[in-house]
Amino acid sequence: MRENESTAHDTKIGIAWLALCASLMIHVTDEALTGFLSVYNPSVIAIRRTIPWFPMPVFGFGEWLGGLIAANVVLLALTPFAFRGTRWLRPLAYVFAIVMLMNGVGHTLGTIFGRTFGEVRFPRPMPGFYSSPGLLAVSIYMLVRLRAPAGGKKLGHDAHVAA
């Protein structure tokens, strides 16, 4: 029975991983179609004026899109490991979920404020905003699945079954 419980838990993490990969692909498409680099590149340049060592690069469209497609392919290739519940993938899953959560929050805040850094302003909504709610929801789902006990048991479940 324990093996089945673990498999059910692993399947839920695998589903969350796959959903986050799909949400990221939708988000990249949203960004590409709404001109995200027209906000990102000027933001990086403005930040570098204040913080010269800022590590984020300025991208051309082809290299940006190609890099994100490659990252998505790598993440999708890891999906079978997520469904198997491979231990080494869990820290990566946390990082993936937290980065995508911050990404979604960033697009949402950018839309609220209508700017990113200093003088970098844009018409609302911020490019990439439309897919941000999906990123937020699926990132939170991934974090919940990673924190859930194996088998999805709730605290006190065994006491109720034994009674």
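The values are calculated or read from the model by the stated rules, or taken from the named source; none is laboratory data. Quick caveat: nothing in here was measured; it's all calculated off a predicted structure. Neighbour counts run over all protein chains shown; Cβ positions are idealised from the backbone, glycine included.
Which of the following residues is surrounded by 12 or more Cβ atoms within 10 Å (Cβ to Cβ), modelled with pLDDT of 90 or more, in a loop (DSSP other than H, G, I, E, B) and among the hydroxyl-bearing types (Ser, Thr, Tyr): Tyr94, Tyr130?
Checking each option against the conditions leaves just Tyr130.
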It is to be established whether one or more residues within the stretch 48-60 are out of contact with any strand residue (DSSP E or B) (no Cβ under 8 Å at 6 or more places or on another chain) and at positive phi. no
Which count do you get for residues in the stretch 94-113 that are within 8 Å of the chain's Cα centre (by Cα) and free of Cβ contacts under 8 Å to residues at least 24 places away in the same chain? 2
Go over the candidates Gly106, Gly62 one by one and state the one that is assigned to a helix (DSSP H, G or I) and closer than 20 Å to Ala137 by Cβ. Gly106
Out of Gly114, Gly66, Gly128, sole residue that is among the small types (Gly, Ala, Ser) and touching a Ser or Thr at 6+ places or on another chain (Cβ under 8 Å): Gly128
Within the stretch 1-21, residues at pLDDT 60 or above and hydroxyl-bearing (Ser, Thr, Tyr) come out as Thr11
Among the listed residues Arg124, Arg49, which satisfies the condition of being farther than 29 Å from Gly14 by Cα, loosely packed, with under 15 Cβ neighbours inside 10 Å, in contact with a helix residue (DSSP H, G or I) (Cβ under 6 Å, 6 or more places away or on another chain) and not small (Gly, Ala, Ser)? Arg124
Within the group Trp64, Trp88, which residue is closer than 23 Å to Leu20 by Cα and at pLDDT 95 or above? Trp64
Among (1) out of contact with any Ser or Thr (no Cβ under 7 Å at 6 or more places or on another chain); (2) modelled with pLDDT of 95 or more, where does His27 come up short? (1)
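Applying the selection to the stretch 80-114, what residues are among the charged types (D, E, K, R) and in contact with a helix residue (DSSP H, G or I) (Cβ under 9 Å, 6 or more places away or on another chain)?
If the condition is that a residue be among the charged types (D, E, K, R) and in contact with a helix residue (DSSP H, G or I) (Cβ under 9 Å, 6 or more places away or on another chain), then Arg84, Arg90 are the ones that fit.
Residue-by-condition table, conditions (1) outside any loop (DSSP other than H, G, I, E, B); (2) modelled with pLDDT of 95 or more:
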site	(1), (2)
Ile112	yes, no
Pro123	no, no
Met126	no, no
Gly134	yes, yes
What number goes with the only condition from (1) touching a residue at least 12 places away in the same chain (Cβ under 8 Å); (2) not in a helix (DSSP H, G or I) that Arg87 does not pass? (1)
